[in-house]
Amino acid sequence: MTEPTIFDKKPVVLDLEAGDYWWCSCGNSKNQPYCDGAHKGTEFVPVKVTLEDSKKVALCLCKKTNNSPFCDGTHAKL
Ligand code: FES
């Protein structure tokens with residue numbers, strides 16, 4: 001399996017409004033942490049996250065989390 005590109009070895013913490021978001025899983029988007037279509041032609045697909053309420057979230061940028069799209073601390077082992 002192809003490995004995703006590590007964009008950064010830390011998460012991005014954002015205050016997001018309720019709604020749908022598409023998290024980049026390939027690491028190649030130029031609009032991190034969101035998908036910009038850069039995964040096309042690869043095995044990666046973006047991950048949809050739906051927030052029912054506005055909240056603060058830590059979204060993974062190392063792309064190695066086991067709880068996508070959220071940071072699970074895996075970046076600390078890279
Ligand atoms: S940034 Fe990927 S697990 Fe934390």
Q. What whole-number value in cubic angstrom gives the convex hull volume per residue for the C-alpha atoms of the chain?
A. 84 Å³
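Heavy atoms only, 1.4 Å probe, whole protein assembly: order 48, 63 by accessible area, highest first.
Reading off the accessible areas and sorting them downward yields 48, 63.
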(Q) Keeping every protein chain present and rolling a 1.4 Å probe, give me the accessible area per residue for the chain in Å². (A) 62 Å²
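Assign unit charges at the C-beta atoms only (+1 for Lys and Arg, -1 for Asp and Glu), then state the dipole size of the chain relative to its Cα centre in Debye, rounded to the nearest 20.
Roughly 340 debye for the chain.
I want the local charge near residue 44. Using Cβ-Cβ distances under 14 Å, sum +1 for each Lys or Arg and -1 for each Asp or Glu among the other residues. Each step should come with its number before you reach the end.
On the way: positive: 40, 48, 63, 64; negative: 3, 36, 43.
With Lys, Arg at +1 and Asp, Glu at -1, the net is +1.
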Q) Straight-line reach from residue 9: which aspartates and glutamates have a Cα under 13 Å away, not including same-chain ones fewer than 8 places off? A) 72
Q) Of the heavy-atom accessible surface of the chain (probe 1.4 angstrom), what whole percent is carbon and sulfur? A) 51 percent
Q) How do 30, 9 rank by accessible surface area computed with a 1.4 Å probe, from largest to smallest? A) 30, 9
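The values are calculated or read from the model by the stated rules, or taken from the named source; none is laboratory data. Keep in mind the model is a prediction, meaning the values are calculated, not measured. Glycine also receives a Cβ, built like all others from the backbone with ideal geometry; neighbour counts cover every protein chain displayed. Quick note on the areas: whole protein, heavy atoms, side chains included, nothing else; ligands and nucleic acids left out. Shrake-Rupley method; radii C 1.70, N 1.55, O 1.52, S 1.80 Å.
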